[in-house]
Amino acid sequence: MRILTLNFYKGVYNITKRELYRLVTNKDLFMICFLAPMVYGILLPYIYVNKQVDHVSMGLVDEDKSELSSTIVRYLDASQELDIVSEYPNNAQALSGIKYDKIKALLYIPKNFSSSLKKGTQSNLFVVVNSSNFLVANPILQTSTGLALGMSAKIFAKKAMGFGVNSKKVESLMNPIMLETRPVTNPSLFYSNFMIPALFLIIIQQLILVGIAFSIADEKEHKREEKVLTLAGGSRLAIVLGKTLPYVILDFSIGVFFVTVLARIFEVGVYTLTFNKILVLLLFVSAVSAFGVFISSLFKSTLMAMIVLMFYSMPAFLVSGYAWPKFALPVDIKLLGYCFPSTYLISDFRTLLLSDFPLRTYLPTIFSLLVFTLIAWALAYLGVRYNFVSKIPREKR
Amino acid sequence: MNSVVGIIKRELSFIMTQKSMFFLVFVFPIIYGLFLGQIYSEKIVKKMPIAVYDSDNTKISRLIINYINNARSFDIVSKGKKLEDVKLDLQRENIVAFLNIPKGFQNKIKKIEQANLTLLVSGSNYMLANLAKTEMQTIIQTVSVGTKLQAMGKTLGISKRKALSIANPISIEMVKLYNPWFNYLDFLGPGFWMAALHQIMLLLGCLLISREFERNTFGSLFDLAQRSIVNVFAGKLGIYSFIMFFIFILYFDVIFPRFDVRITGSMFVLCLFSLAFIICTLSFGLVLSCLFKRSINGLKGVLLVGAPAFLVSGYTWPLENMPVLIRIIAYCIPVTPYINGYRKLYDEEGTFLEVIPYGLHIIAIMLVALLISYLALKWRLKNSDSSLKMKESLS
């Protein structure tokens, strides 16, 4: 068996050494493999440096002009989530403010709001919100609901005590059923903690694929297949290993940098490098590298490789079940998702970064990723066999 | 004019004869659009798997479980298991949440003492966590109000009607404009469609000129254009703008209705606005094409701009919450003003007046892009003329 011979390992060594040299000397590969991860790794998470949507602009129409309405406005303005930026004389003008993007929501306090409360009748507040963007609408809805409940509770407490109910009983009367919500990971429910782990993984995946596809397509474009095959001692498996090893080493290092240094800078989860993270990263970059070798067998030129892979990352992210849950994906899309390496890891990678649960939590993922990796290696071998064909007759090699 | 028409014909012939080009321009945008829309075809997240542990097993606890069962958002996949038994499922996100109803729950309510429920959610999925939290709060609030009114009647000796006005003195009425049911397809689908088309157009723009130099056909093109850069641009941008405009119309007339996404604003304004965006994006790609000798280098620029374009556009994460540096980058990319104006038009019943600022922004980017392209190509031609003259004088 060739794999047991010294020549085989010599071939792997030659190809690896050559690929490492190309990574450093080829301007395109250097940019893709070294510069791009740094630029994307810093720039994209930086978008979410504020962690959550806050200070959403709100307009006010206060027809009541009472002490209570002022209190309500102060309460809302003091919250981190909302900012009362403009007061309008009427609803029509305020709605116009929403239409022209001056404000995202409107608080309308009708006339006789406080006098109705004094009379003991229910009073209504109105919040009109632009819900075309959920990330903006949610804090408005939650904060406004919290305001109404909070103020209602205070008024209720006062009235109940007026009926001679003691303060302890008032608490139970006010909220007979208290729902305490505890997030298991991401306790503050920061959006940045949700997005940044995915960005890390997608960046690593995309750049491995583009780098490897570019490298192999470049060999084909410059008709170096024969040279590479000779260097590998005629072994295509040596080519597969030799071509992928540099990317595995490089992108594993980049992955470690992301989950430790960048995770610390952007305050995402647990920054320490644990065995789970090492294992999962190693497996992932290995899977993606092999997948990249297979994919590159489909391209004749570097240009085609770049063009096709340009459209890879968005679908890969969307079908992974990361943002839109897997149970809500159509069956055909779910099945398609299993063709992308990121699908196997992306959701668990998030919990890995945020909480780093014990290894057994990730065992099913590790197993499925391992199976995918083996399949990817097999396909990579077939791809290389197809592309790296020797023109020299066997007897003369 | 004749030269522009000649260039258009030449380009059209190229597209029709090159399979890959034909696929990229006509077929791929449609397939991509259908594929992206299919992902969110469920529109609203329904049947989130949750686990419930009811150790109380009383009328009120069963009422709560009944409400959860009937809610479209939840699917109770586990009822009798304690937290320790479902902890792994929660960590692995096989379930979105775990609700614990402790023993003595109903008793406490009867004694008019506060009864607590605990909801553990998998917080790493922001969207599901928030949805589970909000929906469960609504359910519990509904049950809570009922028990509250009864308790008040007992404690305060007042009628249910009076109790209602005291229990909830301030009621807040939410009016959600434009996407009241939080339909994810309406929210994200159109955004992803435009991001994809933006990337395709950047790519096409990037290949316009550099491809000609790589194939050594720029000379014949320039002769056809009567040696006018403006004619070259007019011809090249003209044909691709027309084709992409046709693709956009297909999106609005076929793909949008296919996925039940309505266009609430003026279709005419949307088409006009989109046309400006098309020309702008192609011009942006043209800059890369004129600046870089090799298409591959232009493509790197497309990757650099196109890949983060959707994220920095402000379509999901608002621009106001981004750092200043990112916002500056975002304002330089055509998709940023377009996608925000376009949402106004398709989702917010937008009018021409409302999208004027976005339109002017797009036109500004377009003019700057065209100017840079013109100067870059002129400089390149001047350099290649000088080197040609030097070669001739040396020989």
Item to check | Residues of region B:77-116 classified as within 30 Å of A:N166 (Cα to Cα), touching a residue at least 24 places away in the same chain (Cβ under 8 Å) and surrounded by 16 or more Cβ atoms within 10 Å (Cβ to Cβ), total | outcome: 6
Checklist outcome for this item: Across region A:272-305, the tally of residues that are aromatic (F, W, Y) and loosely packed, with under 15 Cβ neighbours inside 10 Å stands at 1
Checklist entry - What are the pairs, 6+ residues apart or on separate chains, where a residue within region B:144-164 that is more than 21 Å from A:N166 (Cβ to Cβ) has its Cβ under 6 Å from a residue that is open to solvent by less than 30 Å² (accessible area, probe 1.4 Å) and outside any loop (DSSP other than H, G, I, E, B)? => result B:K160/B:L149
Next on the checklist: Need the failing condition index for B:L371 against (1) open to solvent by 10 Å² or more (accessible area, probe 1.4 Å); (2) of a type in the set (A, V, I, L, M); (3) more than 23 Å from A:F200 (Cα to Cα); (4) touching a helix residue (DSSP H, G or I) at 6+ places or on another chain (Cβ under 9 Å), just the number.
Outcome noted: (4)
Checklist entry - If you scan region A:306-320, which residues turn out to be under 15 Å from A:M195 (Cβ atoms), open to solvent by 10 Å² or more (accessible area, probe 1.4 Å) and free of Cβ contacts under 8 Å to residues at least 60 places away in the same chain? => result A:M314
Checklist entry - Are there any helices (runs of 4 or more DSSP H) wholly within region B:258-337 with 1 or more residues that are open to solvent by less than 40 Å² (accessible area, probe 1.4 Å), in contact (Cβ under 8 Å) with a residue 24 or more places away in the chain and closer than 25 Å to A:I202 by Cβ, and if so which? => result B:267-291, B:295-312
Checklist entry - Taking B:I328 and the conditions (1) of a type in the set (V, I, T); (2) within 11 Å of chain A (Cβ to nearest Cβ); (3) over 18 Å from the mean Cα position of the chain (by Cα), which numbered condition does it fall short on, given that it satisfies the others? => result (2)
Checklist entry - Hey, does region A:21-29 have a residue that's open to solvent by less than 50 Å² (accessible area, probe 1.4 Å) and among the polar types (S, T, N, Q)? => result yes
Next on the checklist: Show me the helices (runs of 4 or more DSSP H) found entirely inside region A:1-52 where at least 1 residues are modelled with pLDDT of 90 or more and more than 30 Å from B:K293 (Cα to Cα).
Outcome noted: A:6-25, A:36-46
Item to check | Matching residues, region A:41-59, being of a type outside the set (V, I, T) and open to solvent by 10 Å² or more (accessible area, probe 1.4 Å) | outcome: A:L43, A:L44, A:Y46, A:N50, A:K51, A:Q52, A:D54, A:H55, A:S57
Checklist entry - When you look at B:M127, is it within 11 Å of chain A (Cβ to nearest Cβ), within 16 Å of A:I177 (Cα to Cα) and in contact (Cβ under 8 Å) with a residue 60 or more places away in the chain, yes or no? => result no
Checklist entry - When the residues of region B:1-58 are filtered to those that are acidic (D, E) and farther than 30 Å from B:K103 by Cα, which remaining residue is least open to solvent (accessible area, probe 1.4 Å)? => result B:E11
Checklist entry - Scanning for something more than 7 Å from chain B (Cβ to nearest Cβ) and of a type in the set (K, R), does region A:166-188 turn up at least one residue? => result yes
Checklist outcome for this item: Among helices (runs of 4 or more DSSP H) completely within region A:297-397, the ones holding 2 or more residues that are under 23 Å from A:V210 (Cβ atoms) and within 10 Å of chain B (Cβ to nearest Cβ) are A:302-310, A:313-318, A:331-337
Checklist entry - Among the numbered criteria (1) basic (K, R); (2) open to solvent by less than 50 Å² (accessible area, probe 1.4 Å); (3) modelled with pLDDT of 90 or more, which single criterion is violated by B:K148? => result (3)
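Residue by residue, here is whether (1) of a type outside the set (V, I, T); (2) at the interface with chain B (Cβ under 10 Å from one of its Cβ atoms); (3) free of Cβ contacts under 8 Å to residues at least 60 places away in the same chain holds:
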{"position": "A:I109", "(1), (2), (3)": "no, no, yes"}
{"position": "A:Q122", "(1), (2), (3)": "yes, yes, yes"}
{"position": "A:F126", "(1), (2), (3)": "yes, yes, yes"}
{"position": "A:S144", "(1), (2), (3)": "yes, yes, no"}
Checklist entry - Taking B:N69, is it touching a strand residue (DSSP E or B) at 6+ places or on another chain (Cβ under 8 Å), within 8 Å of chain A (Cβ to nearest Cβ), surrounded by fewer than 16 Cβ atoms within 10 Å (Cβ to Cβ) and not aliphatic (A, V, I, L, M)? => result no
Next on the checklist: Pull out all pairs, ordered by first then second residue, where Cβ-Cβ is under 7 Å, the residues are six or more apart or on different chains, the first lies in region A:248-276 and is of a type in the set (S, T, N, Q), and the second is at pLDDT below 95.
Outcome noted: A:T260/A:Y271; A:T260/A:L273; A:T274/A:D356; A:N276/A:L352; A:N276/A:D356; A:N276/A:L359; A:N276/A:Y362
Next on the checklist: Being open to solvent by less than 10 Å² (accessible area, probe 1.4 Å) and either within 14 Å of chain A (Cβ to nearest Cβ) or among the aliphatic types (A, V, I, L, M) (or both): is that true of B:Y342 here?
Outcome noted: yes
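The values are calculated or read from the model by the stated rules, or taken from the named source; none is laboratory data. Because the structure is predicted, anything quoted here is derived from the model rather than measured. Note that we place each Cβ from the backbone using ideal geometry, even for glycine, and neighbour counts take in every protein chain shown. When the accessible area is computed, the model is the full protein with side chains, heavy atoms only, and any ligands, DNA or RNA have been set aside. Shrake-Rupley method; radii C 1.70, N 1.55, O 1.52, S 1.80 Å.
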